[in-house]
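The values are calculated or read from the model by the stated rules, or taken from the named source; none is laboratory data. What you see is a predicted model, and the numbers here were worked out from it, not measured in a lab. Cβ sites come from the backbone with ideal geometry, for glycine too, and all protein chains shown count toward neighbours. Accessible surface is based on the protein model in full, side chains and every heavy atom, while ligands, DNA and RNA are left aside. Shrake-Rupley method; radii C 1.70, N 1.55, O 1.52, S 1.80 Å.
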Protein chains: 2
Amino acid sequence: MKHFITLFFCFGLSVACYSQPKQQQTSLHYPYRPVPFTQVKVNDGLWLDKIKKNSEITIPISLYQSLITGRIQHFYQAAHPSDTIKPQGKYYDDSDVFKIIEGIGYSLQTFPNSKLENYTDSIIDLIEAAQEADGYLYTFRTMNPKHPTSKTVGTERWKNVERGSHELYNQGHLIEGAIAYYQATGKDKLLKVAIKSADCICRAIGPGENQLKIVPGHEELELALCKLYLVTGDKKYLDEALFFIDMRGKTEVKSEYTQSDKPLLEQTTAIGHAVRAMYLYCGAVDVAALTNNREYIEAIDRIWDDLVRHQLYLTGGIGSSRKGEAFGLPYNLINKEAYNETCASIGLVFLNQRLFQLHGDAKYIDVLERTLYNALLAGVSLTGDHFFYPNPLASDGGYLRSPWFGTACCPSNICRFMPSLPGYIYAVNGRDLYVNMFLPNNASLDINGKKVELAQQTKYPWEGDILLEVKKNQAGIFAMKIRIPGWALGQVVPSQLYSFSDNQKPQYAITVNNQPVQSSIDKGYFTIERKWRTGDKINIHFDIPVRSIVANEKLKEDNGLVAFQRGPIVYCAESIDNPDFNNFLLPYTPEWDIRYDATKLDGITELITTAQQFNYDQQGFITTSKRSLTLIPYYSWSNRGDSKMAVWLPWKVEKVITKDK
Amino acid sequence: MKHFITLFFCFGLSVACYSQPKQQQTSLHYPYRPVPFTQVKVNDGLWLDKIKKNSEITIPISLYQSLITGRIQHFYQAAHPSDTIKPQGKYYDDSDVFKIIEGIGYSLQTFPNSKLENYTDSIIDLIEAAQEADGYLYTFRTMNPKHPTSKTVGTERWKNVERGSHELYNQGHLIEGAIAYYQATGKDKLLKVAIKSADCICRAIGPGENQLKIVPGHEELELALCKLYLVTGDKKYLDEALFFIDMRGKTEVKSEYTQSDKPLLEQTTAIGHAVRAMYLYCGAVDVAALTNNREYIEAIDRIWDDLVRHQLYLTGGIGSSRKGEAFGLPYNLINKEAYNETCASIGLVFLNQRLFQLHGDAKYIDVLERTLYNALLAGVSLTGDHFFYPNPLASDGGYLRSPWFGTACCPSNICRFMPSLPGYIYAVNGRDLYVNMFLPNNASLDINGKKVELAQQTKYPWEGDILLEVKKNQAGIFAMKIRIPGWALGQVVPSQLYSFSDNQKPQYAITVNNQPVQSSIDKGYFTIERKWRTGDKINIHFDIPVRSIVANEKLKEDNGLVAFQRGPIVYCAESIDNPDFNNFLLPYTPEWDIRYDATKLDGITELITTAQQFNYDQQGFITTSKRSLTLIPYYSWSNRGDSKMAVWLPWKVEKVITKDK
């Protein structure tokens, strides 16, 4: 057996505000700037539960898995290279550790934990020790430079970047992890490591004469470099990101799978590996926004339009094809075999948040919210310790979440996404304050450099009432822009892919200090501009009836089927609640009994109606009888053992689910 | 800030069977020898779920907590001592790591995990490095010998053992952890460390002229030394254990709290700190059994009789008093304030298993099973990641399990106990095979050196049918001794503390190959002696009606109250199922609707009946109405958020629970 040593340095808490290089104030930034996670405290409800579970279970379990699978040990091995080492695991394992650290950064904001923070510092010491003198950081090469562990890693630095070495992918996650941890704790050790790594990349790869002309085989670094530019003010990182976006499709390896079959400006459809695609588009929006590049903005807008018209599942999942974890043919949104990788959902949330930051349009938040409450939330068990990689919309049973994966991108992405949610709730543009997400929180933010404090109370997504209270306002007159969700305005998604089939017209109403206020809806926002005073109360009410949804007829898979949504929550039938799962048929206008049950599935609103059961008499004539049908939120399925499940339910006789053989 | 370094050695897998010193075959052993955990595979049901949860959650979380709280780092610090180190945490923290390793050993048997095993090996390397040259192992002193961290630790080795330094307590857990890990994996590195530590203790403390005359302030080492004797065959460890038992109450520090107010032979009641008491009595039974010392056997029998007559809660919990985590006055078994430490339940299981091994009487297994399914199982949440330290029998709300404790004995005890259960199912004495526990498993055991294979199938504790099948028998004629639980023979506990108040007479019946068999009941066992053949099937049936239980009138707390048990499961009412929790009254003969629900609380049988609700009309006259009352297993309470709970329920008007203020 091989001998190895794992060393944990932990040189205490080097608390130092990052100040090198000097922050350059650039005028370039996203027009709509999110209020950062450090200024918003989630304090109740479903998301506090999720962030708590992430803190108590998902992060500890992910650290444990990183320890026993050698992911953390690899950094020690890289700090003590030897030609006898043959690393185990995957060459992209470094990225999981960086993502967990990113998650810890966000998580400490909601659940401070000095012990976890100290322990994380010791991991960061180890990462620092693994970095080569010139900034190169990639444990799979460094631990044994003479003995590359696989063809994919290759024998030389950067040589296999476009063929899958993930060298640049890992660095992207390093940067994101370092920034989150710095913003959360003020500690800059990992940020310095990330900057040194980014500088090493900027020297090796770029437009210069002696520089390599390559782009990442798995995108991620582009968006991370833009973040690093915003944190440091150093334009070289933005330039490097722009280089990667510009060069895409113009370098040696050309493939649809990695969105490099042609230059991005010539691309018109969401294509290839879905996670790579999302990260690339995010990087492109970042670069376009920060350089005000209209061409790239138009390219991404085109691709987004294609995506929501042809590729978006009702749950907000994307990437239908198991072959290559990729986008499939337009409208080919199969249910049982849907891939819908959890990471792709997270990537789609990132993309829509960026497009909102660029355009200030609520339609992006509509898609974001759909993905968030459905495809993404389904990616982790209610217990926080089991994960879905694919997220199908139907199951015949036998499909369960796993405790971990050899390729653990999804668990580590859940680790970092869940506690980042406070950063998605509000945004500011000039004197406009955007209220995008509805969940209980306190926020302290700046409008034109003046302090504003807000409190939000709500039982959303289970109830449609939200109370926003101004706790402090030093900014005088400003506009509160309240997002009216698409489903409250008659649109399932911003395309013809799905539509409401019922005749219900949900209403919404907004009052300020109990006085009704009116506003036209602009880009999905209801605007109230006034001089806000401490104690001002905005009551927002949305009707949230159960809505019946049918799919575009081109989406053959769902013909004759119906699905149900209430507020942002997409529902499903699971065999646990409906033991006789087959041979049922929904009436055209089901009447719903809507029940909140605090003890079921960590607290859900379930929907109960009467359906019809089909059978055959002795002579083979069809017989029908009434039966009760219970629907639960899609995200909560597969938390009570093995089960069958379906989001799209039979509504017309020809689509009756046939009996099991 | 302090600087520290945590080093993980992991010198691979040193698989070597332990063989030094040479195993001496001694004739002395327990007469009734349990079939060890390595020969029994639990393969279904509630306990497989629990062992799986322990493997997937409790062990990982406990390792995570040990890492972030410095428990593992302490071993590195002890390997690199410095006079600048001021250790954090508690001087008994070492023991938690040893207990987790013990749990990992058992757990690997049911859920092999080479990654976890490799990682555990790296922790063991660290422990080895922390041991001083002469075998002394106590990180809180070794890491900085010149600067004792507290008065309790003291300035000199062993000096404060009787006053609470836990130096010997830690070594006990080291030995137990080392033996379990050795038996599970065949790796002896930690066992060698434990032997070196034990040898160091045997040199320093004992009856010789230059040896210290002290006993452990927190008992545990006594039973561990007996285990070490059984594994190594080296009688010096048994002699050292006997020294500690003999000297108890004869050394400097005398205190009821540590069972050292007088010599053990003069003690007649369970007294003092409950966990210490259990571990002491275990050590005393071990020594008595292994040396055939009648006096000690009689002393412990006396104390056990006292315990079951005066100190045993209906749930099998012990140690009523919060003051000193201790036994209280006889019959003073308060419900809401009951301490009932989880560790004390585990200790009581250990004690009863040993008394069975000594006497071959099923009454000990009756108490063991009561503790196991009720007080002990309540100590960990269904999710495996939250723990009770005290386990009260009633709550007004506000009492929830915690993710960890500064003093983490209970979580680490849960870690090691849960996966050890396979070792409690069967035992052998000569040509008698004892079937003590009912749960699905396959076993491969020896009777007089000949191989016997058994399979057990059952849905116990929810149903009363058990199928035992002989899969192989090379032992010819032997007696199958099947435990008939006390509750099936009319006795709640082996004393007058509780009794059944109903008129039900549960029946049991046993067939072999579908032919009824008869036997008298001897010490609680039904005996079938025959030449067993492959394929022989024993069907055991117990009626398991819901039984009403009342307490001895001396147990004032429970006067006028009633409790319910079905099979080994004690039930409780929780406010989650019974929102209007107060003002209800059970009828004298409730009729029960018994419902197994696979989706509720990880699968439970709940009991539903009609009770009466009390209220007052406008003039203050009492009014009554009927209401439904749902009971759940006691162990499953407090898994759905904050709640009120009661095991003992009002049955007579004077005990009606009054309305909340």
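To one decimal place, what orientation-averaged projected area in nm² is obtained for the convex hull of the Cα set of the stretch A:386-470?
Mean orientational projected area (the stretch A:386-470, Cα hull): 8.4 nm².
Is the C-alpha gyration tensor of the stretch A:277-434 telling us rounded, prolate or oblate? Criteria: a/c under 1.5 is rounded; beyond that, a/b larger than b/c is prolate, otherwise oblate.
Here the stretch A:277-434 falls in the prolate category.
Going through the DSSP H helices of chain B, which span 20 Å or more along their own axis at the Cα atoms while scoring at least 1.0 as a mean Kyte-Doolittle hydropathy?
B:274-291
Applying 1/(1 + (r/R0)^6) with R0 = 51 Å to the Cβ-Cβ distance of A:THR152 and B:THR38, what FRET efficiency is obtained, to the nearest 0.05?
After rounding to 0.05, the efficiency reads 0.80.
Find how many whole Å separate the alpha carbon centroid of the stretch B:396-413 from the alpha carbon centroid of the stretch B:513-529.
What the calculation gives is 43 Å, centre to centre.
A:PHE614 accessible area, nearest 10 Å², 1.4 Å probe?
Surface accessible to solvent at A:PHE614 totals approximately 20 Å².
For the stretch B:19-123, what does the alpha-carbon gyration tensor say about shape, rounded, prolate or oblate, given a ≥ b ≥ c as the root eigenvalues, a/c under 1.5 as rounded, and a/b over b/c as prolate?
Cα axes put the stretch B:19-123 in the oblate bin.
Could you please state, rounded to a whole Å, how far the C-alpha centre of the stretch A:459-489 is from the C-alpha centre of the stretch B:65-105?
50
Under 15 Å from the 7 Å Cα→Cβ point of B:LEU212, by amide nitrogen: which residues of the stretch B:158-187?
B:158-172
Which links in B:LYS50/B:LYS189; B:LYS626/B:LYS652; B:LYS336/B:LYS600; B:LYS213/B:LYS235 stretch past 22 Å when you go from one Cα to the other?
With Cα atoms farther than 22 Å apart: B:LYS50/B:LYS189; B:LYS336/B:LYS600.
So how much accessible surface do A and B hide from each other in total, probe 1.4 Å, in square angstrom to the nearest 100?
3100
State, to one decimal in nm and shortest first, how far the label point of B:LYS41 sits from each corresponding label point in the other identical copies (label point: 7 angstrom along Cα-to-Cβ).
5.3
Viscosity 0.692 mPa s, temperature 37 °C: what is the translational diffusion coefficient of chain B from Stokes-Einstein with a Kirkwood Rh over Cα pairs, rounded to a whole number of µm²/s?
D, rounded to a whole number, is 127 µm²/s.
What fraction of the Cα pairs in the stretch B:280-338, stated in percent, has a spacing above 17 angstrom?
46
With both partners inside the stretch B:395-492, how many of the DSSP beta bridges are antiparallel, as a percent to the nearest 5?
The antiparallel fraction comes to roughly 80 percent.
Given label points at 7 Å from Cα along Cα→Cβ, what nm distances, shortest first, separate A:PRO403 from the same residue in every other copy?
2.0
Going by a ≥ b ≥ c, the root eigenvalues of the Cα gyration tensor, does the stretch A:543-616 fall in the rounded group (a/c under 1.5), the prolate group (a/b larger than b/c) or the oblate group?
It comes out oblate by the Cα gyration axes.
With every protein chain kept in the model, how would you rank B:ASP44, B:ASP305 by accessible area, 1.4 Å probe, largest at the top?
B:ASP44, B:ASP305
Given a Förster distance of 25 Å, report the FRET efficiency between A:ALA455 and A:ILE477 from their Cβ-Cβ distance, rounded to the nearest 0.05.
Efficiency for this residue pair is about 0.80.
Averaged over all directions, how much area does the convex hull of the C-alpha atoms of the stretch B:424-570 cover when projected, in nm²?
Computed as one quarter of the Cα hull surface, the answer is 9.2 nm².
Could you work out the relative contact order of chain B? I mean the mean sequence separation of Cα pairs under 8 Å and 6+ apart, divided by the number of residues, in percent.
13
Work out, in µm²/s and without decimals, the Stokes-Einstein translational diffusion coefficient of the protein assembly as shown at 10 °C, 1.306 mPa s, Rh from Kirkwood over C-alpha pairs.
47
When the helix-only estimate is applied to the protein assembly as shown (DSSP H runs of n ≥ 4, each -39,500 (n - 2.57), divided by the residue count), what is the mean residue ellipticity at 222 nm, nearest 500 deg cm²/dmol?
Rounded to the nearest 500, the figure is -9500 deg cm²/dmol.
Provide an ascending nm list, one decimal, of label-point separations from A:ARG163 to the equivalent residue in each further copy; define each label point as 7 Å from Cα along Cα→Cβ.
A:ARG163 label point versus its equivalents elsewhere: 7.1 nm.
Excluding residues fewer than 8 places away in the same chain, name every one of the lysines whose C-alpha is closer than 24 Å to that of A:LYS471.
A:LYS41, A:LYS450, A:LYS451, A:LYS459, A:LYS481, A:LYS531, A:LYS537
Report the antiparallel proportion of the DSSP beta bridges in chain B as a percent, rounded to a multiple of 5.
Antiparallel bridges make up about 95 percent of those DSSP assigns within chain B.
Can you give the FRET efficiency to the nearest 0.05 for B:LYS554 and B:LYS652, using r as the Cβ-Cβ distance and R₀ = 25 Å?
0.90
Would you rank A:ASP49, A:ASP536 by solvent-accessible area, highest first, keeping every protein chain in place and using a 1.4 Å probe?
Per-residue accessible area, sorted high to low, gives A:ASP49, A:ASP536.
Just to check I understand the Karplus step: with θ = phi - 60° and J = 6.51 cos²θ - 1.76 cosθ + 1.60, what whole-Hz values come out for the stretch A:428-439, glycine and proline as x?
With coefficients 6.51, -1.76 and 1.60, one gets 10, 9, x, 9, 9, 10, 9, 10, 9, 10, 10, 7 Hz.
Under 14 Å from a label point 7 Å along Cα→Cβ of B:THR251: give me every residue in the stretch B:270-301 with its amide N that close.
The answer is B:280, whose backbone nitrogens lie closer than 14 Å to the label point.
Can you give the accessible area of A:ILE632, probe radius 1.4 Å, in Å² rounded to 10?
0
Using a 1.4 angstrom probe, figure out how much accessible area the stretch B:515-660 has per residue, in square angstrom, rounded to the nearest whole.
Normalised by residue count, the accessible surface of the stretch B:515-660 is 46 Å².
Determine the order of B:ARG640, B:ARG595, A:ARG302, A:ARG370 by accessible area, beginning with the largest, at a probe radius of 1.4 Å.
B:ARG595, A:ARG302, B:ARG640, A:ARG370
How about B:LYS151: which aspartates and glutamates have a C-alpha closer than 14 Å to its C-alpha, ignoring those fewer than 8 places off in the same chain?
Once the sequence-local aspartates and glutamates are set aside, what remains near B:LYS151 is B:GLU162, B:GLU167.
List the trypsin sites (Lys or Arg not before Pro) in the stretch B:317-368 that DSSP assigns to loop (not H, G, I, E or B) and whose Cβ has at most 13 other Cβ atoms within 10 Å. Which are they?
B:LYS323, B:LYS336
Residues of the stretch B:49-76 losing 40 Å² or more of accessible area relative to the isolated chain, 1.4 Å probe, heavy atoms only?
Checking the loss per residue gives B:GLU56, B:ILE57, B:PRO60, B:ILE61, B:TYR64, B:LEU67, B:ILE68.
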